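What follows is a short report on a single structure.
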Amino acid sequence: MKEKYSTLIDFDATQSEYLNLISMIMDNRKRGDKPVAFIHTYGCQQNIADGERIKGMLSIAGFEFSDKPDNADVILFNTCAVREHAEDRVFGNVGALKNLKRKYPNTVIALCGCMMEQKHIADRMYKSFPYVNLVFGTHALHLFPELLYKTLSTGKRVYTRDNDDTLVHEGIPVKRDGNIKGWLPIMYGCNNFCTYCIVPYVRGRERSREKDIIITEAKEMINSGFKDITLLGQNVNSYGKNLKDSCSFSELLKEIDSIDGDYWLRFMTSHPKDCTKELIDVIAESKHISKHLHLPFQSGSDRILKEMNRHYDRKKYLEIVNYAKKRIPDVSLTSDIIVGFPGETYEDFKETLSLIKEVEFTSLFTFIYSPRVGTPAAQMDDPVSAEEKSKWFRELLDVQEEIASKRCASMVGTTQKVLIEGAKGKDGILNARTSGNVIVEIKAPEELIGTFQNVEITSAGNWILKGKVI
Ligand code: SAH
Ligand code: SF4
Ligand code: F3S
């Protein structure tokens with residue numbers, strides 16, 4: 001039962017043994033021919049990567065996966081705490097399982113992920129939903145086999161918290177969701193404590209994986225045919241700070257880029273405070289790194305940036321962006337923005353608008369500020385009404401739509417290298433993506449899925465291009 005995860009590290013022997021025991025229990029408990037799990041992940045790529053590890057562990061215990069809860073023996077929600085809306089969806093979806101659990105009482109219902117690292121939320125979940133069997137947070141992911149075994153073998157509810165948030169657990173098996181694009185975590189946690197953000201509280205302290213392990217995993221992904229690999233971390237460009245043998249993010253990128261093969265390399269998320277010219281030079285001179293920089297600035301107002309504890313100002317941000325534009329022709333820039341941070345005025349907001357006009361981003365991830373219990377910003381005065389914030393938010397979307405559609409239109413007639421990622425519908429339209437992360441719809445045979453092609457861009461919408469293979 002000991003499955004090799006990488007050529008360097010085996011999965012923990014005790015946890016592997018629990019997977020064995022789970023497999024035996026499930027032989028008698030499963031509803032169908034094989035044990036089935038439904039895993040639903042909310043939130044960011046880090047959470048998706050964790051979900052792929054849960055699937056890896058369950059696969060070893062013999063599970064198959066369903067895209068609906070109805071026929072599942074194990075239902076697991078891998079939750080996100082970043083905004084209230086994400087949390088509300090989880091409460092709603094867990095509530096909706098009541099009847100299913102009544103009909104099939106043997107079904108195990110489990111909750112994990114970032115929400116479960118917040119004590120008040122985990123407690124509320126555990127109390128409000130007596131049919132939830134298992135609750136564990138992000139720091140207990142490596143113990144999942146043991147926890148699932150405990151609830152399966154005793155019939156008791158299992159609730160765990162307060163696991164160490166400073167360690168890296170290697171060797172957890174992984175079952176990736178696709179075979180063209182793949183996530184590769186290079187570090188966990190965050191030490192930045194931006195005043196609005198819950199992530200440092202639910203993901204623990206920043207810690208990097210050893211370089212050799214990352215390189216081995218990257219080689220395995222490339223050799224098994226992955227064409228688009230994204231290195232993941234909450235603040236990837238501070239990679240390596242806690243390592244015994246020091247290695248900067250730029251050095252790591254250079255080493256991965258030197259691996260032979262036909263692939264693109266991406267990374268997210270970089271923090272402007274750690275974005276050096278050296279990093280941009282590495283991208284400019286690389287063979288595989290995509291010409292795309294996701295660099296969240298959050299607000300264009302220096303006053304708000306200070307209140308957010310972001311450690312850069314508008315001038316420093318624009319310096320990096322302008323250097324990237326100079327060094328990387330056609331660089332595609334994207335960002336995250338928060339509208340309505342406590343105390344933000346319309347004057348501050350206008351600074352955000354002027355920044356997006358100046359930079360001309362390819363696309364933006366825009367959010368209305370959502371107070372998070374336990375963060376400093378949740379204690380700040382927040383006099384602007386929700387209606388007013390929504391008005392600003394719509395204004396931001398309108399401005400960005402104009403910029404994005406202008407950018408897309410300027411690409412018509414050009415030739416772009418794209419990776420064809422999959423079929424869009426039944427009418428022979430395939431989805432592809434440029435190095436700059438813009439979607440291109442093309443009419444092409446399905447055999448081309450998973451290949452790089454040169455396409456001519458024939459028309460453009462606001463966010464999406466259409467093209468034909470040359
Ligand atoms: N580590 C990354 C991403 C963190 S979460 C980074 O620093 O960029 C993704 C995005 O969610 C953030 O960039 C921010 O724009 C948004 N976000 C985080 N907390 C938020 C909150 N309380 N309300 C609204 N948006 C938030
Ligand atoms: Fe949150 Fe800031 Fe860390 Fe990003 S860098 S995860 S926004 S605290
Ligand atoms: Fe959400 Fe946790 Fe990611 S809070 S955004 S899933 S790190």
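Listed by first and then second residue, the pairs linking a residue in region 226-241 that is touching a residue at least 24 places away in the same chain (Cβ under 8 Å) and over 22 Å from ASP336 (Cβ atoms) to a residue that is hydrophobic (A, V, I, L, M, F, W, C) and not in a helix (DSSP H, G or I), with Cβ atoms under 6 Å apart and 6 or more places separating them unless they lie on different chains, are LYS227/ILE180; LYS227/LEU419; GLY240/CYS247. The residues on offer are GLY189, GLY155, GLY182, and the sole one that is modelled with pLDDT of 95 or more, away from ligand 3 (no atom under 14 Å from the Cβ) and assigned by TED's automatic domain parsing to the domain that holds SER250 is GLY182.
Is it fair to say HIS294 is at pLDDT 95 or above and away from ligand 3 (no atom under 16 Å from the Cβ)? Full working, then the answer.
On the way: at pLDDT 95 or above: yes; away from ligand 3 (no atom under 16 Å from the Cβ): no.
Criteria not met by HIS294.
The set of residues in region 103-124 being part of a helix (DSSP H, G or I) and either buried (at least 22 other Cβ atoms within 10 Å of the Cβ) or in contact (Cβ under 8 Å) with a residue 24 or more places away in the chain (or both) consists of CYS114, MET115, MET116, GLU117, LYS119, HIS120, ILE121, ALA122.
Looking at LYS273, is it within 30 Å of VAL418 (Cβ to Cβ), assigned by TED's automatic domain parsing to the domain that holds LEU184, in a helix (DSSP H, G or I) and of a type in the set (D, E, K, R)? It would help to see each step written out before you state the result.
On the way: within 30 Å of VAL418 (Cβ to Cβ): no; assigned by TED's automatic domain parsing to the domain that holds LEU184: yes; in a helix (DSSP H, G or I): yes; of a type in the set (D, E, K, R): yes.
For LYS273, the condition - within 30 Å of VAL418 (Cβ to Cβ), assigned by TED's automatic domain parsing to the domain that holds LEU184, in a helix (DSSP H, G or I) and of a type in the set (D, E, K, R) - is not met.
Identify, from the list ILE186, ILE214, the residue that is touching a Pro at 6+ places or on another chain (Cβ under 9 Å) and either closer than 29 Å to ASP262 by Cβ or more than 15 Å from ligand 1 (Cβ to nearest atom) (or both).
The match here is ILE214.
The helices (runs of 4 or more DSSP H) located wholly in region 164-268 that include 1 or more residues which are more than 23 Å from HIS294 (Cβ to Cβ) and either among the charged types (D, E, K, R) or away from ligand 2 (no atom under 16 Å from the Cβ) (or both) occupy 211-223.
Of the residues that make up region 135-146, is at least one more than 22 Å from the chain's Cα centre (by Cα) and outside the structural domain of LEU231 (by TED's automatic domain parsing)?
Let us first name the residues in region 135-146 that are more than 22 Å from the chain's Cα centre (by Cα), namely 145-146.
Subsequent filtering for residues that are outside the structural domain of LEU231 (by TED's automatic domain parsing) retains 145-146.
Yes; the residues of region 135-146 include at least one that is more than 22 Å from the chain's Cα centre (by Cα) and outside the structural domain of LEU231 (by TED's automatic domain parsing).
Within region 135-178, take every residue that is surrounded by 18 or more Cβ atoms within 10 Å (Cβ to Cβ) and of a type in the set (Asp, Glu) and give me the one that is farthest from GLY113 (Cα to Cα). Only one residue tops the list, namely GLU146. Residues that are within 21 Å of the chain's Cα centre (by Cα) and of a type outside the set (A, V, I, L, M) within region 66-79 comprise ASP67, PHE77, ASN78, THR79, listed in sequence order.
For region 6-14, state whether one or more residues are within 16 Å of ligand 3 (Cβ to nearest atom) and either touching a residue at least 60 places away in the same chain (Cβ under 8 Å) or in contact with a strand residue (DSSP E or B) (Cβ under 7 Å, 6 or more places away or on another chain) (or both).
no
Against the conditions (1) more than 25 Å from ALA13 (Cα to Cα); (2) within 16 Å of ligand 3 (Cβ to nearest atom); (3) modelled with pLDDT of 95 or more, TYR131 satisfies every one except (2). Of all residues in region 27-53, those being among the small types (Gly, Ala, Ser) and under 15 Å from THR107 (Cα atoms) number 2. When ASN20, ASN71 are checked against the criterion of being more than 16 Å from ligand 3 (Cβ to nearest atom), touching a Lys or Arg at 6+ places or on another chain (Cβ under 8 Å) and not assigned by TED's automatic domain parsing to the domain that holds ILE338, a single residue qualifies: ASN71.
Per-residue answers, yes or no, for (1) within 23 Å of the chain's Cα centre (by Cα); (2) assigned to a helix (DSSP H, G or I); (3) within 16 Å of ligand 1 (Cβ to nearest atom):
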| position | (1), (2), (3) |
| --- | --- |
| THR14 | no, yes, no |
| LEU58 | yes, yes, no |
| ALA81 | yes, no, yes |
| ASP88 | yes, yes, yes |
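The values are calculated or read from the model by the stated rules, or taken from the named source; none is laboratory data. Keep in mind that this is a model prediction, so the values were computed, not measured. Reconstructed Cβ throughout: ideal geometry from the backbone, glycine too, with neighbour counts over all protein chains shown.
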